[in-house]
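The values are calculated or read from the model by the stated rules, or taken from the named source; none is laboratory data. For clarity, every value in this text was computed on a predicted model and none was experimentally measured. Note that each Cβ is placed from the backbone with ideal geometry, even for glycine, and that neighbours are counted across all protein chains shown. Keep in mind that these areas ignore ligands, DNA and RNA; they rest on the heavy atoms of the full protein, side chains included. Shrake-Rupley method; radii C 1.70, N 1.55, O 1.52, S 1.80 Å.
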Amino acid sequence: MPPARATGPCLRRVQRLEADGVIRGYRAVIDAAAVGRSFEVLIDLTLASQDAETVERFERFERFEQTLAPAEEVLELRRLFGSPDCFVRVAVGDLAVYETFLGTRVMTIPRVKNVTSYFTMKTVKPAS
């Protein structure tokens, strides 16, 4: 067993990395099935138009981020360059719950032209 003092420099390095923002946090890895969220869906959203007014209204006035980001079903939310315009990763209990989420949260966002859902068959390499 190494001497107790050997952990001192290592701990100080970790603390310095945390203070410098290199280590941004720690996380728990949750078993999705254990919490009833093993049905994962990837969603692509495309806006009705790419003009500046549509994009600004979508982001600012329609409060896209405020609509989806707080939803407990949403694991990941990204605005993208190119097509599609947005990527959403959600985890729910089953298809019926997803259908409700889609109808009450996603399909109610103005200025969205197209919604494409991809159902995960198998996770080959999970996000780290």
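A few comments on the model shown:
- Selection of the stretch 27-44 for residues being among the β-branched types (Val, Ile, Thr) and in a helix (DSSP H, G or I) yields only Val35.
- Only one of the numbered conditions (1) in a strand (DSSP E or B); (2) under 14 Å from Thr116 (Cα atoms) is violated by Glu76, and that is (2).
- Scanning the stretch 45-73 for residues that are at pLDDT below 80, more than 17 Å from Val115 (Cα to Cα) and not in a helix (DSSP H, G or I) returns a single hit, Arg63.
- Scanning the stretch 84-112 for residues that are modelled with pLDDT under 90 and either within 16 Å of the chain's Cα centre (by Cα) or among the basic types (Lys, Arg) (or both) turns up just one, Arg111.
- Pairs with Cβ under 7 Å, 6+ apart, first in the stretch 77-89 and more than 21 Å from Pro126 (Cα to Cα), second aromatic (Phe, Trp, Tyr) and modelled with pLDDT under 90: none
- Looking only at the stretch 88-105, and only at residues there that are in contact with a Phe, Trp or Tyr (Cβ under 9 Å, 6 or more places away or on another chain), part of a helix (DSSP H, G or I) and open to solvent by less than 80 Å² (accessible area, probe 1.4 Å), the one that is nearest to Thr116 (Cα to Cα): Tyr98
- Any hit, the stretch 3-21, residues being modelled with pLDDT of 90 or more, outside any helix (DSSP H, G or I) and of a type outside the set (Lys, Arg): yes
- Across the stretch 52-74, a minimum of one residue is classified as of a type in the set (A, V, I, L, M) and loosely packed, with under 11 Cβ neighbours inside 10 Å.
- Subset of the stretch 2-34 that is hydrophobic (A, V, I, L, M, F, W, C) and within 17 Å of the chain's Cα centre (by Cα) - its residue that is least open to solvent (accessible area, probe 1.4 Å): Ala32
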